[in-house]
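As structure tokens, the structure follows; a few thoughts come after it.
The values are calculated or read from the model by the stated rules, or taken from the named source; none is laboratory data. Fair warning: this is a prediction, and the values are worked out from it, not measured in the lab. Backbone-built Cβ (ideal geometry, glycine too); neighbour counts: all protein chains shown.
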Amino acid sequence: MRLLGRSRARNRAGLAAALARQLPPEALALSDVAKRAYERDGLDVAGGRPLAVVLPECAGQVADIVRECHRRGVPVVPRGAGTCRTGGAMPPEGSVVVSTTRMRRILDLDAVAGTIRVEAGVRNLAVSERARDSGWFYAPDPSSRRTCTIGGNIATNAGGAGALRHGVTVNHLASVTVILPDGEVATLGSAAHDAAGADIAALLCGAEGQLGIVTEATLRLTPRPPATRSLLVACESAGAAVDTALGILRLGIVPLQMDIMDREAVALCEAFSPSGYPDGAVLLVQIGGIPEELREAIERISNIAAVSTIATASEAEASLWRGREAYYGAAMRKGPFLALDCAVPLGDLAAGLAGARVLALSHGLDCATFAHATDGTIHAFIFHEGGDSGRRRGNACGDAIRVACARMGGTISSEYGIGMEKRALMTAQFTAEELALQRRVVDAFQGAGDFNPGKVLPPIAEAAE
Ligand SMILES: Cc1cc2nc3c(=O)[nH]c(=O)nc-3n(C[C@H](O)[C@H](O)[C@H](O)COP(=O)(O)OP(=O)(O)OC[C@H]3O[C@@H](n4cnc5c(N)ncnc54)[C@H](O)[C@@H]3O)c2cc1C
């Protein structure tokens with residue numbers, strides 16, 4: 001046992017030197033300051049001190065690094081922009097963090113087929129910016145799109161307000177190149193929409209870096225609608241806003257975005273960034289299509305909803321959504337909080353929103369809620385008094401809301417992923433058999449390797465309980 005420990009220590013000690021021989025100096029960060037900077041991601045809880053942080057420039061370098069780590073039994077932690085809010089990119093002590101942020105070339109845009117080939121470190125928004133003049137855009141739209149990377153998006157199966165109309169990352173991934181945990185290179189997927197065999201590329205979506213490091217992807221683009229309009233609907237309550245949103249869907253209108261803010265969320269955002277929202281709850285709707293269609297859709301929506309504003313010019317649309325988009329800054333100004341991203345089936349959205357409020361009150365905490373009325377995502381902001389005890393109370397309340405969503409047939413995480421933070425809660429959503437099956441998939445990819453350990457899946461003993 002002791003011999004094994006000593007040889008592992010020797011293996012680790014030699015790793016930095018081996019990496020230094022293989023990589024250009026700018027691709028390797030070994031200083032304490034650099035390592036400390038990569039100890040945490042968007043969760044803002046420190047993980048362990050990595051042995052090294054590497055910033056490769058190409059897939060070949062990633063493969064060399066992974067092979068070297070695999071040979072020496074050193075865990076690897078893939079990382080993009082580090083916006084993950086659940087500790088998914090948080091390294092354990094003695095691991096190697098591989099960040100793809102220097103791999104940011106857009107390799108090819110096929111403006112006829114509507115596909116784009118990019119390196120993993122390309123930012124989400126940069127894809128749409130590159131495709132704009134060709135009449136396409138990249139539909140998966142996480143709120144963090146200015147910063148987060150395509151590799152991180154694939155690993156977390158990122159999505160956003162447009163999920164109902166356009167789907168999430170997995171629906172837009174044509175093919176992907178991945179460095180497997182033993183350093184082998186695999187290209188998975190196909191340009192065809194319905195390729196033969198099991199869709200293994202789709203398995204990478206949501207696996208949070210446990211199955212390998214994505215180095216390159218071909219993404220499917222979506223035609224940009226010729227025109228868009230945004231509407232503001234004043235509502236008595238969040239429940240009434242849900243009814244109106246479901247009514248719009250029943251009209252056969254599938255909006256690009258459709259968000260609900262409850263009374264508390266409106267007050268919070270108006271105090272921070274006034275956008276002229278009325279008191280009470282609001283429903284914000286963005287529709288897209290040809291202008292004649294949009295005129296008719298607005299008429300039909302106005303028949304069932306108290307539309308108070310119709311924004312037609314893009315600046316007016318941006319200013320209508322500004323209040324909603326200021327939610328994070330508004331919450332930060334109010335005080336310490338926990339941000340939740342659970343989801344329920346659309347038909348249960350009103351009950352889910354009401355339930356989140358009741359649970360917050362029963363924990364003695366204040367909350368403001370937003371919802372994507374397209375895919376049932378509930379963003380609850382739970383405000384607490386800060387410090388360890390505040391965080392504990394906030395987390396207990398957040399866990400209770402997540403479990404309640406799972407019991408309603410929803411999910412403990414709709415957008416931010418599971419990471420370290422929520423892995424213990426996986427048992428609220430999955431049976432022991434389902435978790436064992438997920439473990440078998442991870443084991444099939446990892447073999448003896450150790451890739452992003454301590455994420456997503458609960459410890460085996462816990463899952464078996
Ligand atoms: C303000 C804010 C708003 C957000 N809004 C949304 C939202 O609307 N929707 C949403 O889905 N998410 C949202 N997120 C969460 C986060 O931005 C997404 O999960 C995003 O996809 C993470 O991308 P990243 O490049 O920052 O990855 P990281 O945070 O660096 O990593 C995330 C996970 O992906 C893995 N990973 C990263 N790169 C690779 C790679 N190349 N190969 C394999 N695995 C990799 C990591 O190991 C980790 O498990 C938000 C976050 C913030 C801070």
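Overview of values
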read-out	value
Check on residue 63, of a type outside the set (D, E, K, R), surrounded by fewer than 24 Cβ atoms within 10 Å (Cβ to Cβ) and either outside any strand (DSSP E or B) or touching a residue at least 60 places away in the same chain (Cβ under 8 Å) (or both)	yes
Of all residues making up the stretch 194-209, the number that are crowded, with 23+ Cβ neighbours inside 10 Å and in a helix (DSSP H, G or I)	2
Selected residue (criterion: nearest to residue 97 (Cα to Cα)) from residues of the stretch 210-240 that are among the small types (Gly, Ala, Ser) and within 14 Å of the ligand (Cβ to nearest atom)	212
Residue list for the stretch 28-59, filter: away from the ligand (no atom under 15 Å from the Cβ) and not aliphatic (A, V, I, L, M)	31, 32, 35, 36, 49
Tabulated pairs, the stretch 245-265, first free of Cβ contacts under 8 Å to residues at least 60 places away in the same chain, second acidic (Asp, Glu) and crowded, with 18+ Cβ neighbours inside 10 Å, C-beta under 8 angstrom, 6+ apart or interchain	none
Odd one out for residue 217, checked against (1) touching a residue at least 60 places away in the same chain (Cβ under 8 Å); (2) assigned by TED's automatic domain parsing to the domain that holds residue 322	(2)
Criterion (out of contact with any helix residue (DSSP H, G or I) (no Cβ under 7 Å at 6 or more places or on another chain), modelled with pLDDT of 95 or more and either within 15 Å of the ligand (Cβ to nearest atom) or not assigned by TED's automatic domain parsing to the domain that holds residue 346 (or both)) met by exactly one of 434, 415	434
Single match in 404, 444 (criterion: surrounded by fewer than 16 Cβ atoms within 10 Å (Cβ to Cβ) and in a helix (DSSP H, G or I))	444
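So that you can scan it fast, the table gives a plain yes or no per residue for (1) small (Gly, Ala, Ser); (2) surrounded by 19 or more Cβ atoms within 10 Å (Cβ to Cβ); (3) farther than 24 Å from residue 287 by Cβ; (4) at pLDDT 95 or above:
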site: 322; (1), (2), (3), (4): no, no, no, no
site: 325; (1), (2), (3), (4): no, no, no, no
site: 329; (1), (2), (3), (4): yes, no, yes, no
site: 335; (1), (2), (3), (4): yes, no, yes, no
site: 348; (1), (2), (3), (4): no, no, yes, yes
site: 353; (1), (2), (3), (4): no, yes, no, yes
site: 360; (1), (2), (3), (4): yes, yes, yes, yes
site: 364; (1), (2), (3), (4): yes, no, yes, yes
